[in-house]
Amino acid sequence: MITGLHHISLKCGTPEEFEKSKAFYVDLLGFKKVREWPDGIMIDFGNGMLEIFSNGAGIKAKGALRHVAFATDDVDEIVDKVKKAGYEVFIEPNDIVIESEPEFPARMAFCIGPLGEEIEFFQER
């Protein structure tokens, strides 16, 4: 029986990418470090974890997984932090309505993370 999402995994090709990724997710976004070992770290983002390895070349092409969306209560505040840290925001904060039944209003934005990953910040309205 599946009980939920445990973690999402990223691979870094260099020690610099690893340190930059740790700084982005822990220092900038405020996720909590759960454990660290010589070639990896596991970071809690609230209802799942992010596992980052330092021992691989990484995959820099998009596959079936298009992006990771993190829930937030203030998209604009997070995007401001991300921009000030020098990261690209390629979809600015904006309000959307998903035309479902019932309608689903939200606020969202996208940035490029330290490994080239696409990250969505999503705020239910």
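Name the single residue, out of those in segment 21-37 being outside any helix (DSSP H, G or I) and in contact (Cβ under 8 Å) with a residue 12 or more places away in the chain, that is farthest from I112 (Cα to Cα).
Step one: of segment 21-37, the residues outside any helix (DSSP H, G or I) are 29-37.
Applying the additional criterion that residues be in contact (Cβ under 8 Å) with a residue 12 or more places away in the chain yields 29, 31-32, 34.
On the way: L29: 13, F31: 17, K32: 20, V34: 24 Å.
Checked segment 21-37; the qualifying residue farthest from I112 (Cα to Cα) is V34.
Take the residues of segment 66-86 that are of a type in the set (K, R) and more than 22 Å from G46 (Cα to Cα): which is surrounded by the fewest Cβ atoms within 10 Å (Cβ to Cβ)?
Within segment 66-86, the subset of a type in the set (K, R) is 66, 81, 83-84.
Still in the list and also more than 22 Å from G46 (Cα to Cα): 83-84.
Values: K83: 14, K84: 9.
Only one residue fits best here, namely K84.
For every residue, the table says whether it meets (1) crowded, with 17+ Cβ neighbours inside 10 Å; (2) more than 15 Å from H7 (Cβ to Cβ); (3) among the charged types (D, E, K, R).
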| site | (1), (2), (3) |
| --- | --- |
| K32 | no, no, yes |
| R35 | no, no, yes |
| P38 | no, yes, no |
| I41 | yes, no, no |
| N47 | no, no, no |
| C111 | yes, yes, no |
| G116 | no, yes, no |
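Do we find that V89 is at pLDDT 90 or above, in contact with a helix residue (DSSP H, G or I) (Cβ under 6 Å, 6 or more places away or on another chain) and either surrounded by 13 or more Cβ atoms within 10 Å (Cβ to Cβ) or hydroxyl-bearing (S, T, Y) (or both) in this structure? Step through it out loud before you land on a result.
Values: at pLDDT 90 or above: yes; in contact with a helix residue (DSSP H, G or I) (Cβ under 6 Å, 6 or more places away or on another chain): yes; either surrounded by 13 or more Cβ atoms within 10 Å (Cβ to Cβ) or hydroxyl-bearing (S, T, Y) (or both): yes.
Here the answer is yes, as V89 does meet what is asked.
Among residues belonging to segment 95-117 that are acidic (D, E) and touching a strand residue (DSSP E or B) at 6+ places or on another chain (Cβ under 6 Å), point out the one that is farthest from L28 (Cα to Cα). Give the steps one after another, and end with the answer.
Looking only at segment 95-117, we keep the residues that are acidic (D, E), and these are 95, 99, 101, 103, 117.
Filter again for touching a strand residue (DSSP E or B) at 6+ places or on another chain (Cβ under 6 Å), leaving 95, 103.
On the way: D95: 24, E103: 32 Å.
Looking at the filtered set, the residue picked out is E103.
G13 - would you say it is of a type in the set (G, A, S), surrounded by 12 or more Cβ atoms within 10 Å (Cβ to Cβ), outside the structural domain of V82 (by TED's automatic domain parsing) and assigned to a loop (DSSP other than H, G, I, E, B)?
Numbers: of a type in the set (G, A, S): yes; surrounded by 12 or more Cβ atoms within 10 Å (Cβ to Cβ): yes; outside the structural domain of V82 (by TED's automatic domain parsing): yes; assigned to a loop (DSSP other than H, G, I, E, B): yes.
Taking the combined requirement at face value, the residue satisfies it.
Return the residues of segment 1-13 that are touching a residue at least 12 places away in the same chain (Cβ under 8 Å) and over 16 Å from the mean Cα position of the chain (by Cα); say none if nothing qualifies.
Step one: list which residues in segment 1-13 are touching a residue at least 12 places away in the same chain (Cβ under 8 Å), which gives 4-13.
Residues satisfying the conditions are G4, G13.
Would you call F18 in contact (Cβ under 8 Å) with a residue 60 or more places away in the chain and surrounded by 13 or more Cβ atoms within 10 Å (Cβ to Cβ)?
Numbers: in contact (Cβ under 8 Å) with a residue 60 or more places away in the chain: no; surrounded by 13 or more Cβ atoms within 10 Å (Cβ to Cβ): yes.
In short, no.
Within segment 67-125, which residues are of a type in the set (S, T, N, Q) and touching a Pro at 6+ places or on another chain (Cβ under 6 Å)? Steps first, please.
Taking segment 67-125 as the starting set, the residues that turn out to be of a type in the set (S, T, N, Q) are 72, 94, 100, 123.
Passing the criteria: none in range.
Let me confirm something: among F45, F104, which residue is at pLDDT 90 or above and outside the structural domain of E16 (by TED's automatic domain parsing)? Quick ask: steps written out before the conclusion?
Working: F45 fails: outside the structural domain of E16 (by TED's automatic domain parsing).
Residue meeting the stated conditions: F104.
The values are calculated or read from the model by the stated rules, or taken from the named source; none is laboratory data. Please read all numbers here as calculations on a predicted model, not as lab measurements. Cβ: placed from backbone, ideal geometry, glycine included. Neighbour counts: every protein chain shown.
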